[in-house]
Amino acid sequence: MKSIVIFPNTARDINNEVTERTVQTLTGAGHKVYASLAYRKKLSGIAGLSFKNEHEILENVDLGIVLGGDGSILKAAGECAPFGVPILGINLGHVGYMAGVESRDIEKLVTLVDSQYKIESRMMLDISIMRSSKVIFSGGPVLNDVVLTKSKGYGVIEASISCDGEKLNTFRGDGLITTTPTGSTAYSLSAGGPIIDPMLDCICITPICAHSLKSRPVVFKDSSLIEISCKAYNNSACVTLDGTIAFDIEDNDQIHIKKSSCRAKIVKTDESGFCATLYKKIADKQ
């Protein structure tokens, strides 16, 4: 018997149909299933589902199952990584690049959970923001990317980038994406960044609509400390972490990004390699 925490998505699974099928499938196979107390009101009618404080759950479970798209998986990864809890996604989204199971195949969970499934360990990032030599914000672990971008529809961001104290370049444009290999197939790819095998450990910076023909993505070793000094005209910039947490940036703030000590553990559900998965999830969606 395994202890499993589920991360529901009540916005996509409006009638809790997929959530209930998931719980029934797992409890029917003898597993114990938990959800955060935050979901008690919306999911109280699902038989076999227990509710506890999320921190208490994560300290004692074997597996996390996430219902939703890639955004839901990213959020759960950030919560589970500090506890070493592996996660498995059930796709309720469009592409579901990181999901291992489609919602129509929930019955496969029994065989999968009972087996010795393979886990991929993915690099993550930590971020801190300095203002007047003081840390005013710390965030992470981040699985996909840290994005410096405009918070208003006008203006230009000027960002000076250094790696381990050595200046690289100054970019002017709509912002910068600092990404992990996992995040290289997300926003960074759309901005012209390279596709990186998620099993590698490195840090990539991709400019967003740079005002120069010489501005190109750069890949750094994983031990690098990336320092970004930002000049945001009219204080119209912000930093987002995996597309959710946002923090407003002022002129001359210093953004420090480095490899996190936490790693995301992603359950791999088939033997397909990186290239095959990339083609299946992205190439055929075009």
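The values are calculated or read from the model by the stated rules, or taken from the named source; none is laboratory data. The model shown is predicted, which means the values in this text are computed figures rather than measured ones. No Cβ is skipped: glycine too gets one built from the backbone with ideal geometry, and neighbour counts run over all protein chains shown.
Could you please find all residues in the stretch 36-55 being surrounded by 14 or more Cβ atoms within 10 Å (Cβ to Cβ) and assigned to a loop (DSSP other than H, G, I, E, B)?
Of everything in the stretch 36-55, just one residue is surrounded by 14 or more Cβ atoms within 10 Å (Cβ to Cβ) and assigned to a loop (DSSP other than H, G, I, E, B), namely ILE46.
Which number in (1) closer than 19 Å to ILE4 by Cα; (2) out of contact with any Lys or Arg (no Cβ under 7 Å at 6 or more places or on another chain) marks the one condition that PRO86 misses?
In the conditions (1) closer than 19 Å to ILE4 by Cα; (2) out of contact with any Lys or Arg (no Cβ under 7 Å at 6 or more places or on another chain), PRO86 misses (2) alone.
Does ILE245 meet the test of being surrounded by 18 or more Cβ atoms within 10 Å (Cβ to Cβ), closer than 27 Å to ALA76 by Cα, in contact with a strand residue (DSSP E or B) (Cβ under 9 Å, 6 or more places away or on another chain) and not basic (Lys, Arg)? Walk me through it before giving the result.
Numbers: surrounded by 18 or more Cβ atoms within 10 Å (Cβ to Cβ): no; closer than 27 Å to ALA76 by Cα: yes; in contact with a strand residue (DSSP E or B) (Cβ under 9 Å, 6 or more places away or on another chain): yes; not basic (Lys, Arg): yes.
For ILE245, the condition - surrounded by 18 or more Cβ atoms within 10 Å (Cβ to Cβ), closer than 27 Å to ALA76 by Cα, in contact with a strand residue (DSSP E or B) (Cβ under 9 Å, 6 or more places away or on another chain) and not basic (Lys, Arg) - is not met.
Pull up the stretch 88-113, narrow it to residues that are surrounded by 15 or more Cβ atoms within 10 Å (Cβ to Cβ) and of a type in the set (Ser, Thr, Tyr), then point me to the one that is modelled with the highest pLDDT.
Among residues in the stretch 88-113 that are surrounded by 15 or more Cβ atoms within 10 Å (Cβ to Cβ) and of a type in the set (Ser, Thr, Tyr), the one modelled with the highest pLDDT is SER103.
Quick check on this structure: which one of VAL23, VAL85, VAL33 is in contact with a Ser or Thr (Cβ under 6 Å, 6 or more places away or on another chain) and surrounded by 21 or more Cβ atoms within 10 Å (Cβ to Cβ)?
On the way: VAL23 fails: in contact with a Ser or Thr (Cβ under 6 Å, 6 or more places away or on another chain); VAL85 fails: in contact with a Ser or Thr (Cβ under 6 Å, 6 or more places away or on another chain).
Testing whether each residue is in contact with a Ser or Thr (Cβ under 6 Å, 6 or more places away or on another chain) and surrounded by 21 or more Cβ atoms within 10 Å (Cβ to Cβ) leaves just VAL33.
Just wondering, is there one or more residues in the stretch 128-141 that are in contact with a helix residue (DSSP H, G or I) (Cβ under 8 Å, 6 or more places away or on another chain) and crowded, with 21+ Cβ neighbours inside 10 Å? Break it down into steps so the answer makes sense when it comes.
We begin by selecting, within the stretch 128-141, every residue in contact with a helix residue (DSSP H, G or I) (Cβ under 8 Å, 6 or more places away or on another chain); these are 140-141.
Retained after the next criterion (residues that are crowded, with 21+ Cβ neighbours inside 10 Å): 140-141.
Checked the stretch 128-141: at least one residue is in contact with a helix residue (DSSP H, G or I) (Cβ under 8 Å, 6 or more places away or on another chain) and crowded, with 21+ Cβ neighbours inside 10 Å.
For the stretch 169-179, what are the residues that are in a strand (DSSP E or B) and modelled with pLDDT under 95? Show your work before the answer.
Quick first cut of the stretch 169-179, residues in a strand (DSSP E or B) only: 169-173, 175-179.
ASN169, THR170, PHE171, ARG172, GLY173, GLY175, listed by residue number.
From the residues in the stretch 4-20 that are of a type outside the set (A, V, I, L, M, F, W, C) and in contact with a strand residue (DSSP E or B) (Cβ under 8 Å, 6 or more places away or on another chain), which one is surrounded by the most Cβ atoms within 10 Å (Cβ to Cβ)? Reasoning before the result, please.
Initial filter on the stretch 4-20 (of a type outside the set (A, V, I, L, M, F, W, C)): 8-10, 12-13, 15-17, 19-20.
Filter once more, keeping what is in contact with a strand residue (DSSP E or B) (Cβ under 8 Å, 6 or more places away or on another chain): 8-9, 12-13, 19.
Values: PRO8: 27, ASN9: 21, ARG12: 15, ASP13: 19, THR19: 25.
Residue satisfying both the conditions and the ranking: PRO8.
Among the listed residues SER138, SER128, SER121, which satisfies the condition of being without any contact (Cβ under 8 Å) to a residue 40 or more places away in the chain, farther than 15 Å from LEU74 by Cβ, of a type in the set (Ser, Thr, Tyr) and part of a strand (DSSP E or B)? Spell out the reasoning first.
Working: SER128 fails: without any contact (Cβ under 8 Å) to a residue 40 or more places away in the chain; SER121 fails: without any contact (Cβ under 8 Å) to a residue 40 or more places away in the chain.
Answer to the check: SER138.
Just to verify a result, which residue in the stretch 142-155, among those that are of a type outside the set (S, T, N, Q) and surrounded by 19 or more Cβ atoms within 10 Å (Cβ to Cβ), is nearest to the chain's Cα centre (by Cα)?
Taking the stretch 142-155 and keeping what is of a type outside the set (S, T, N, Q), we get 142-143, 145-148, 150, 152-155.
This time we only want the ones that are surrounded by 19 or more Cβ atoms within 10 Å (Cβ to Cβ), so: 142-143, 145-148, 150.
Details: VAL142: 6, LEU143: 4, ASP145: 7, VAL146: 10, VAL147: 12, LEU148: 16, LYS150: 21 Å.
Residue satisfying both the conditions and the ranking: LEU143.
Mind listing just one residue for me: the one in the stretch 134-168 that is among the polar types (S, T, N, Q) and at pLDDT 90 or above and, of those, farthest from CYS204 (Cα to Cα)?
Taking the stretch 134-168 and keeping what is among the polar types (S, T, N, Q), we get 138, 144, 149, 151, 160, 162.
Right, trim to at pLDDT 90 or above and you get 138, 144, 149, 160, 162.
Numbers: SER138: 20, ASN144: 11, THR149: 16, SER160: 15, SER162: 13 Å.
Restricting to residues being among the polar types (S, T, N, Q) and at pLDDT 90 or above, the top hit is SER138.
If you go through the stretch 58-72 one residue at a time, how many are over 15 Å from ILE266 (Cβ atoms) and buried (at least 24 other Cβ atoms within 10 Å of the Cβ)?
1
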